[in-house]
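Undergrad: Here you go, one structure.
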Amino acid sequence: IDDKLAIIPDWQDDAPVDIAIKIKPGMAFGTGHHETTWLMLSQLIKHIKPGMSVLDLGTGSGILSIAARKLGAGKIDSVENDRDCKINFSENLQLNQIENNIHYHHHDVLSWNNLNYDMIMANINRNIIGELIPRFKRTKATVMLSGLLDADYKIIKSKCNENNLKVREKYSKGDWICIII
């Protein structure tokens, strides 16, 4: 991604980029191959600043949390409701030799109340994102959203407008989009 970051399988040792993230392919979403993951990672490269606090809603395999940490983020809370993801998440942290500052929480993203972060990211689905948007009124964070089809954009933009949130940026890859509010 942008010749800066690569997602590689756990059996590969390196990649010709500044940042390589090893991922053990598993059942958890997030091996780096899907357009939404690519979009989120490309925006993390642009938006993460050293020491930022990050909330990863629907963390799955942890790929976005790991990328945020490797790009310099400080404290990261990773929230996931699917119990099957925890083992893969932990394995991926170990593969990337990241043991500090990423905290896994088995929790429903729709009932996570702390939104006091510099950046919030959610690569989930349109329905969950639609339910999260009203809650983002309570944060000053930059919010990155994906898991959205281009056909979802008008609905999501309207939901943002209803909640006095502005879509600042929109990026596309194939039929998928990432927006920043």
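The values are calculated or read from the model by the stated rules, or taken from the named source; none is laboratory data. Bear in mind the structure is a predicted one, so any value in this text is a computation, not a measurement. What goes into the accessible areas is simple: the full protein's heavy atoms, side chains included, and nothing from ligands, DNA or RNA. Shrake-Rupley method; radii C 1.70, N 1.55, O 1.52, S 1.80 Å.
Undergrad: Amide H to amide H, which residues 5 or more places from Ile48 or on other chains are under 5 Å from it, using H placed in the peptide plane?
TA: The list, which skips near neighbours in sequence, is empty: none.
Undergrad: Can you give me the Cα centroid spacing of segment 95-141 and segment 152-181 in angstrom?
TA: First find each Cα centre; the distance between them is then 17 Å.
Undergrad: I've got another one for you. What fraction of the DSSP beta bridges in the chain is antiparallel, stated in percent and rounded to the nearest 5?
TA: Details: 9 of 32 bridges.
Taking every DSSP beta bridge within the chain, about 30 percent pair in antiparallel fashion.
Undergrad: Find the accessible area per residue for the chain; the probe is 1.4 Å, ligands and nucleic acids are left out, and the unit is Å².
TA: 49 Å²
Undergrad: Here's something else I'd like to know. Using a ≥ b ≥ c from the Cα gyration tensor of segment 28-131 (square roots of the eigenvalues), is it rounded, prolate or oblate, where a/c under 1.5 gives rounded and otherwise the larger of a/b and b/c decides, a/b for prolate?
TA: Details: a/c = 1.19, a/b = 1.10, b/c = 1.08.
Since a/c stays below 1.5, the shape of segment 28-131 is classed as rounded.
Undergrad: Between (1) 36; (2) 51; (3) 23, which matches percent of Cα pairs over 26 Å apart calculated for the structure shown?
TA: Among (1) 36; (2) 51; (3) 23, the one calculated here is (3).
Undergrad: Using a cut-off of 16 Å between alpha-carbon atoms, which aspartates and glutamates can reach Lys75, once sequence neighbours fewer than 8 places away in the same chain are excluded?
TA: Leaving aside aspartates and glutamates fewer than 8 places away in the same chain, those within reach of Lys75 are Asp56, Glu99, Asp118.
Undergrad: Shifting gears a bit: In the chain, carbon and sulfur make up what percent of the accessible area (probe 1.4 Å)?
TA: Looking at the chain in its full context, I get 46 percent from C and S.
Undergrad: Let me ask something additional. Kindly state, as a whole number, the per residue volume in cubic angstrom of the convex hull around the alpha carbon atoms of segment 116-181.
TA: That works out to 72 Å³ per residue.
Undergrad: In addition: Which value in deg cm²/dmol, rounded to the nearest 500, describes the helix-derived mean residue ellipticity at 222 nm for the chain, given -39,500 (n - 2.57) per DSSP H run of n ≥ 4 and division by the residue count?
TA: Value at 222 nm, helices only: -8000 deg cm²/dmol.
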